[in-house]
Amino acid sequence: MTVRLRLQRHGASKTPYFRVVAADKRKPRDGRFIEMLGTYDPVPDPPEIRLNADRIDYWLDQGAQPSDTVRSLILKQKRGEPIVDLSEEGADARARAEKAAARKKAREEARKAAIEAAKKADEEAEEAKEEEEAEASGDEEAEEPEAKEEADEDEEPEAEEEADEDEEAEAEEEADEDEEAEAEEEADEDEEAEAEEEADEDEEAEAKEEADEDDEEEDKD
């Protein structure tokens, strides 16, 4: 029986993970295996690799042939790269604890980053609100002189119009008074003329009457 060290795929289509197994070369890739020698998860960064170095060396000594990917994983382990050696007692537990601590640290950092982002957003919103209020206050202050100027401009024509109307009314009143005065003066003059004329007529009548009486007396004599 020819033994081959290869990867056996598991997981979802977009999140695969692999088992490193010793299996009969004639068996299907994902079929039955002789022994599981480790795991390989390419999704994280960096990828998580767990290998049992002692058992891999045993199978290599027995003539087992590793696949290209398994050979590259074995070389990484021999170069001292961060790979969990399952042959060491407690190595897997330590690796799991370190992974959990790293996840907790990442969650804490994400939480702090979210708090800082929210705080910064609140500060920016407060600054924006203050700027808007300042702009609104400036607009109101700018509008007040304009409104006052417009009111003054509106009042000036009204005042001028009222003054013109007052002047016209006064002129008309004065004209009416002048006309009344002239009419009264003419009436007085007419009355005086009539009185003088009547007086002249009375005097003439009296003079005529006296003259007639004188003539009558003369005739009698």
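Here the chain is assigned +1 on the Cβ of each Lys and Arg and -1 on the Cβ of each Asp and Glu. Its dipole about the Cα centre then comes out at about 22020 debye.
Note on residue 113 and residue 87: the model spin-label points, each 7 Å out from Cα along the C-beta direction, lie 3.9 nm apart.
Between the residues 37, 11, 183, the greatest Cα displacement towards the positive end of the dipole of the chain, with unit charges on the Cβ of Lys, Arg, Asp and Glu, is found for 37. Straight-line cross-link partners of residue 25 among the lysines, defined as a Cα under 30 Å from its Cα and at least 8 positions apart when in the same chain: 14, 76, 78. Loop-located trypsin sites (Lys or Arg not before Pro) in the stretch 53-85 (DSSP state not H, G, I, E or B) with no more than 13 neighbouring Cβ atoms inside 10 Å: 79.
Ellipticity at 222 nm from helices only: DSSP H runs of n ≥ 4 in the chain, each -39500 (n - 2.57), divided by the residue count, give -25500 deg cm²/dmol. The relative contact order of the chain comes to 11 percent, based on Cα pairs under 8 Å that sit 6 or more residues apart.
Rounded to two decimals, the Cα-based Rg/Rh of the stretch 1-149, with Kirkwood Rh, is 1.49. Annotation: lysines with alpha-carbon distance below 18 angstrom to residue 112 (same-chain offsets under eight excluded): 104, 120.
Across the chain, the longest piece that holds none of the GluC sites (Glu not before Pro) lying in DSSP loops with up to 14 other C-beta atoms within 10 Å covers 90-221.
Quick note: the coordinates plus some simple rules give every number you see, no bench work behind them. These numbers were taken from a predicted model, which means no experiment stands behind them. Using ideal geometry, Cβ is built from the backbone for each residue, glycine included, and neighbour counts are taken over all protein chains shown.
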